[in-house]
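Accompanying notes for the structure given below.
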Amino acid sequence: MVDTDYAATGHVHESHQDSSPSLAQHLRHWFLRRAWYVHPGAHLRVTISPSQIYKILETSAKPSAKHLHLRVVFARGRRYFIFPKDGGNFHMITTNKVPWFPRRTTASAVLFGDFEKIDDATTRLKMTSRIKIVYLLRSFLWPTFMTSMLVFMTWHIIIIGLCIAALYGLSWAAHRYNAALEAYEMIFFIEKALEDFIPEPPSALSAQTTSADVVVENGFAEEWDKFVDEMQDD
């Protein structure tokens with residue numbers, strides 16, 4: 001139901017002067033996709049107004065016996081927090097509980113929701129997610145601490161370098177994938193909360209359909225050739 005769009009990264013807009021982006025632009029987009037954004041972006045068509053969408057999301061974010069159909073999104077103690085932005089848009093974060101930690105986790109990703117009015121009855125909700133800056137910086141704390149000890153080891157310089165690269169790489173990957181998980185959880189929550197207002201996609205023709213609404217007459221080719229000959233004679 002959600003259309004993903006890898007080209008639309010939400011808050012990044014480039015004005016291209018020609019059809020071939022420069023190397024710097026390619027590197028910038030690559031860096032933003034790999035280090036900043038944790039979800040390719042998604043669009044959701046909803047048959048209610050932006051104010052109604054926000055009200056439903058705000059109400060659904062609070063666990064209640066009236067919303068038993070949403071119990072799956074609150075599994076493992078997950079909670080959602082939605083905040084309004086200027087222009088009627090919003091941003092959202094989520095946290096959860098883990099058995100080995102006494103307090104709730106801190107949010108690692110933030111989702112931005114932007115409304116686009118299509119017509120009086122339809123709204124497009126554009127969602128983009130990025131990793132939080134503080135959480136991204138935390139991914140380098142433990143590797144930096146370990147590196148301060150590894151540099152004094154008597155190992156070969158190549159082994160030390162590989163260990164340091166592995167520490168930074170694994171820590172960054174773990175933090176990024178955790179932020180991506182939170183982004184997908186928030187998008188799933190939004191889709192679940194608005195599922196009653198998402199129009200059904202148009203039905204596709206089945207491959208086993210024996211009859212069709214479009215009928216092609218067998219004499220069309222002959223009539224077309226006749227028409228072409230007359231035009232050539234004129």
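The values are calculated or read from the model by the stated rules, or taken from the named source; none is laboratory data. Only a predicted model underlies this, so the values are computations on that prediction, with no experimental measurement involved. Cβ atoms come from the backbone with ideal geometry, glycine included; neighbour counts cover every protein chain shown. The area values use the complete protein model at the heavy-atom level, side chains included, leaving out ligands, DNA and RNA. Shrake-Rupley method; radii C 1.70, N 1.55, O 1.52, S 1.80 Å.
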Working only within the range 37-96, note down all residues that are assigned to a strand (DSSP E or B) and within 16 Å of LYS192 (Cβ to Cβ).
ALA42, LEU44, ARG45, VAL46, ARG79, TYR80, ILE82, MET92, THR94
The lone exception for ILE164 - which of (1) out of contact with any strand residue (DSSP E or B) (no Cβ under 6 Å at 6 or more places or on another chain); (2) at pLDDT below 95 it fails:
(2)
Hey, could you check the range 62-82 for residues that are under 20 Å from LEU125 (Cα atoms) and free of Cβ contacts under 8 Å to residues at least 60 places away in the same chain and say which is most open to solvent (accessible area, probe 1.4 Å)?
PHE81
Hey, does the range 139-155 have a residue that's surrounded by fewer than 12 Cβ atoms within 10 Å (Cβ to Cβ), part of a helix (DSSP H, G or I) and among the hydroxyl-bearing types (Ser, Thr, Tyr)?
yes
Scan of the range 31-45 for residues that are under 16 Å from the mean Cα position of the chain (by Cα) and either open to solvent by 100 Å² or more (accessible area, probe 1.4 Å) or of a type in the set (A, V, I, L, M, F, W, C) (or both), ordered by number
LEU32, ARG33, ARG34, ALA35, TRP36, VAL38, ALA42, LEU44, ARG45
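Restricting attention to the range 179-198, report how many residues are open to solvent by 60 Å² or more (accessible area, probe 1.4 Å) and under 20 Å from the mean Cα position of the chain (by Cα).
Taking the range 179-198 first, the residues open to solvent by 60 Å² or more (accessible area, probe 1.4 Å) are 181, 184, 188, 195-197.
Pick out the ones that are also under 20 Å from the mean Cα position of the chain (by Cα) and you get 181, 184, 188, 195, 197.
Residues that pass the stated criteria total 5.
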Which is part of a helix (DSSP H, G or I), surrounded by fewer than 16 Cβ atoms within 10 Å (Cβ to Cβ) and touching a residue at least 24 places away in the same chain (Cβ under 8 Å), of ALA166, ALA174?
ALA174
